[in-house]
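The next block holds one structure in the form of structure tokens; read it before the comments.
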Amino acid sequence: MKTKIFTSFVLVSTLLFSSCSKDEDQSIQLQNQSPIVLKYEQMATIDAVSTEPISYNSENEFHAKVSSNGVITAEHVGKTKINLTNGFDSKSIQVTVEPKYNLYETPNIEWGTTKNKIKTQYGTPDNEDADGFGYLNYSSSAPIAMFLFNSNDQLESCAIMVKMVYASTLTNFLLERYLPINVDTKDYTATFINNLTTAEKITSIGLLAYNLNYLEVIYFDASNIFNQTKSTSKTFINRYRNIAEKLISSQE
């Protein structure tokens, strides 16, 4: 009787050990430290080992993509997760894409924010009219920031005036943050979006030459600007011009 019990114990132990060994063999051994920190267009390889084939997936390809063999390519500034699975086990690793260029802090683009909340965030404006208001000394390279509001005093657009001497840096600054969808090098105008497609709620970023001294970066609620006519868009830009001219003249 004791021999039978012992034999049964050995068999059960063997099965349990084999099962644990099998699960361990099928696990994914991930060697990378999390997060993986990259800059725009940099690449890194995920160091993962498994007895089973591993598949890779990025939760947000706007920030980082991953190939079928685990090579990560940094896309735009921000964070995402890369998920790994082999059918038996799964792992994830965070990827952070950091900016290389920091001309200015991205303004508040939470569309619908109240006028009073913007004033609380940025302080008393240096110039204000019925459409919106603006600030001087936003940054050394981008000295002017402006905000426009709708009839309900809700934020619908903002603009940053960047010194022309930073033109090449500004291009890199925008490219590492946003996806270009329309570029006209002749007129020095460009349009960017902060997502991979226009199907989702996004912000549109327009770049244009204001004068010989400044470039203007305008942030719009895309659902608003994409439905506007060219004449309406021109009026929108003119509203900024009225504020900008007063700010610039106050410095002279």
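The numbers here are math on the coordinates, done by the rules we state, and not lab data. The shown structure was predicted, so the numbers you read here are calculated from the model rather than taken from an experiment. Every residue, glycine among them, receives a Cβ derived from its backbone with ideal geometry; neighbour counts consider all protein chains shown.
Efficiency by 1/(1 + (r/R0)^6): what FRET value for Asn172 and Asn152, r their Cβ-Cβ distance, R0 = 35 Å, to the nearest 0.05?
0.45
State, to one decimal in nm², a quarter of the convex hull surface area for the C-alpha atoms of segment 115-251, i.e. the direction-averaged projected area.
8.6
Under a plain spin-label model, where a point goes 7 Å from the Cα along Cα-to-Cβ, how far apart in nm are Asn60 and Thr124?
Distance between label points: 3.8 nm.
Once you put a point 7 Å from the Cα of Thr51 and another 7 Å from the Cα of Lys81, both along the Cβ direction, what distance in nm separates them?
Result: 2.7 nm between the two label points.
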